[in-house]
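Shown next, in structure tokens, is the structure this report addresses.
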Amino acid sequence: LRGPRAVILLENSGSMLGTHAGSALDRIRQGSAATAPKWLRAKAALRAVMAAIPQGTQVAVFHMNQTTAALSGSEANPYIDPYDNGALLATLERLEALQAEGGSDLAHALRTIAQLEQRPSSLLLIGDGLPSAPNPSQRSLSEADRVQLFKRALATRPNYPFNTILLPFEGDPSAAGLFWQLSARTNGST
């Protein structure tokens, strides 16, 4: 993540509970969402990235499902110094309380980030595939539908390196290629 200001966007949609829709739904039905291995890996990845941010780089951590909100700092100023133990511990406490549910609205998340007073120097998305929201019809979305949601999200034209850590999810075969193209176009990595 390039400084001086990095944004980490953690997807916390329901798909983060399993490697395919059926396993995610099973976790929800069983009430074992908080211990889903993929969700625990995503949170561990975020903690590892936070620990590796170089001194002098401010970081803002957001969660993204159908809404987007800051896990770090405040809504007015989400950037924190990850070497400030108080700010880091507050962010990690919010992370631990975060639940994975609903769809993922990448367009809303990128609009939220675009409205930050201080523009990010780079962004890292920790997620598992293509967006699944908004879905006003509430019908099952095809991969083609999710590709269109991804393309709509890019209408915000991120002008900073866009980096992605993709966790496994069946049903999005084009996700890796689309995120790789986005990363390549913005000098990021997937």
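Which of the three applies to the range 28-126, rounded, prolate or oblate, going by the alpha-carbon gyration tensor with a ≥ b ≥ c and a/c under 1.5 meaning rounded? In terms of gyration-tensor shape, oblate.
Structural descriptor for the range 37-186: relative contact order 20 percent, calculated from alpha carbon pairs under 8 angstrom and at least 6 residues apart.
What number comes out for accessible area per residue over the range 45-178 if the probe is 1.4 Å? Units Å², please.
On the way: 6430 Å² over 134 residues.
Accessible area per residue: 48 Å².
Classify the range 26-82 from the C-alpha gyration tensor, please: rounded if a/c falls under 1.5, else prolate or oblate depending on whether a/b exceeds b/c.
Values: a/c = 4.13, a/b = 1.70, b/c = 2.42.
Oblate, because a/c is 1.5 or more while a/b does not exceed b/c.
Among beta bridges from DSSP that stay inside the chain, the antiparallel ones total about 20%.
Computed from backbone phi, the HN-Hα couplings of the range 139-149 come to 8, 5, 8, 7, 4, 4, 4, 5, 4, 5, 4 Hz, rounded to whole numbers (Karplus: 6.51 cos²θ - 1.76 cosθ + 1.60, θ = phi - 60°; Gly and Pro given as x). Remark: the Cα gyration tensor places the range 41-190 in the prolate category, a/c being 1.5 or greater and a/b exceeding b/c.
Extension gain for N85 to Q181 (0.36 nm times residue separation, less C-alpha to C-alpha distance): 30.9 nm.
Starting with the highest mean, order 67-73, 57-63, 87-93 by the number of other Cβ atoms within 10 Å, averaged over the residues of each peptide. Mind showing how you got there, number by number?
On the way: 67-73: 18.9, 57-63: 22.9, 87-93: 16.3.
Packing proxy ranking, top to bottom: 57-63, 67-73, 87-93.
Extension gain for A97 to R29 (0.36 nm times residue separation, less C-alpha to C-alpha distance): 22.6 nm. Couplings for the range 158-167, taken from phi via the Karplus curve 6.51 cos²θ - 1.76 cosθ + 1.60 with θ = phi - 60°, read x, 10, 9, x, 10, 10, 9, 10, 9, 8 Hz in order; Gly and Pro are left as x.
Taking a label point 7 Å from the Cα of K151 along the Cα→Cβ vector, which residues of the range 100-120 have an amide N closer than 15 Å to it? No residue passes the distance filter. Annotation: amide H-H contacts under 5 Å for A69 (H modelled 1.01 Å from N, sequence separation of 5 or more, or interchain): H63.
Within the accessible area of the range 1-91, the carbon and sulfur atoms contribute 56%, probe 1.4 Å, all protein chains present.
The values are calculated or read from the model by the stated rules, or taken from the named source; none is laboratory data. Predicted model, so just to flag it, every value in this text is computed and none were measured. For neighbour counting, all protein chains shown are included, and Cβ atoms are generated from backbone atoms with ideal geometry for every residue, glycine included. Note: accessible area is taken over every heavy atom of the protein model, side chains too, but ligands, DNA and RNA are not part of it. Shrake-Rupley method; radii C 1.70, N 1.55, O 1.52, S 1.80 Å.
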